[in-house]
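The block underneath contains the structure these notes are about, expressed in C-alpha cells.
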Amino acid sequence: MQEVIIQGRTYITKPEVGGKLVEVNGKLKEIDCVDLGQGRFNMIMDGASISIEVVDWNENNPLIKVNGEVYAPVVKSETDLLLERLGMNIKAKKEIKVLKAPMPGLVLDFRVKPGDEVVEGQALVVLEAMKMENILKSPSNATVKSLHVAKGDAIDKNVILITFE
C-alpha cells in the first residue's frame, strides 16, 4: 500500500496480487503498463491511455510528466504510514545548519552544489562505508551554502560535509 499526494489530492493505492488490478481509494482499476525504456511508460487504465515519463527519480518525491504535464507527487510507503500512525514520524522542525557524516567512509558523489535549494528527503551525498553505498538525505528544506569535502575524500565520523544557509 502507498499514499500518493498529487496537487493536494490524496490517493491510497494497493496492487492486487496476481493480476493487472490496482486498488485506488477503495476502487479496483484495471491497469496495463508497458515500459518504453529510459524512464518512459505507456499505461492504459480503465480504457484510457496515459503517457508517463520519470523526469527525476526520488523514492519519496519523484518528478514525473503525465500526458505532458509535470507533477511532483509525495509518495509514502506502507512503512511511512505505519510510523505516522504510531506517532514516530514526528521530527523536530528546526533550521539545519550542517550535515555531518554519520559514519567514516569515502565520499563517492555529491548530488547538490552550493546555491541549490533542497527539500526534506532529497539525496545530498553518496558515502561508501563498509563496501556499501549510503545516500545521505536532507533532514529538512534548506539552501546549500558550501561543500566542505570533495568527491574521493576519505572522511571520519562527524566531519561536516555540507553547510546550509
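Check Ile96 against each of (1) under 19 Å from Gly8 (Cα atoms); (2) surrounded by 14 or more Cβ atoms within 10 Å (Cβ to Cβ); (3) more than 16 Å from the chain's Cα centre (by Cα) and name the one condition it does not meet.
(1)
Taking interchain pairs and intrachain pairs at least six residues apart, which have beta carbon atoms under 8 angstrom, with the first residue in segment 42-59 and in the same structural domain as Arg111 (by TED's automatic domain parsing) and surrounded by 14 or more Cβ atoms within 10 Å (Cβ to Cβ) and the second charged (D, E, K, R) and in a strand (DSSP E or B)?
If the second residue must be charged (D, E, K, R) and in a strand (DSSP E or B), no pairs are left.
Say whether the condition of being basic (Lys, Arg), loosely packed, with under 15 Cβ neighbours inside 10 Å and in contact with a strand residue (DSSP E or B) (Cβ under 7 Å, 6 or more places away or on another chain) is met by at least one residue in segment 126-140. It would help to see each step written out before you state the result.
Residues of segment 126-140 basic (Lys, Arg): 131, 137.
Filter once more, keeping what is loosely packed, with under 15 Cβ neighbours inside 10 Å: 131.
So of that shortlist, the ones also in contact with a strand residue (DSSP E or B) (Cβ under 7 Å, 6 or more places away or on another chain) come out as none.
Scanning segment 126-140, I find no residue that is basic (Lys, Arg), loosely packed, with under 15 Cβ neighbours inside 10 Å and in contact with a strand residue (DSSP E or B) (Cβ under 7 Å, 6 or more places away or on another chain), so the answer is no.
The values are calculated or read from the model by the stated rules, or taken from the named source; none is laboratory data. Here the structure is a predicted model, which is why all the values come from computation and not from measurement. Glycine gets a Cβ as well: all are built from the backbone with ideal geometry, and neighbour counts include every protein chain shown.
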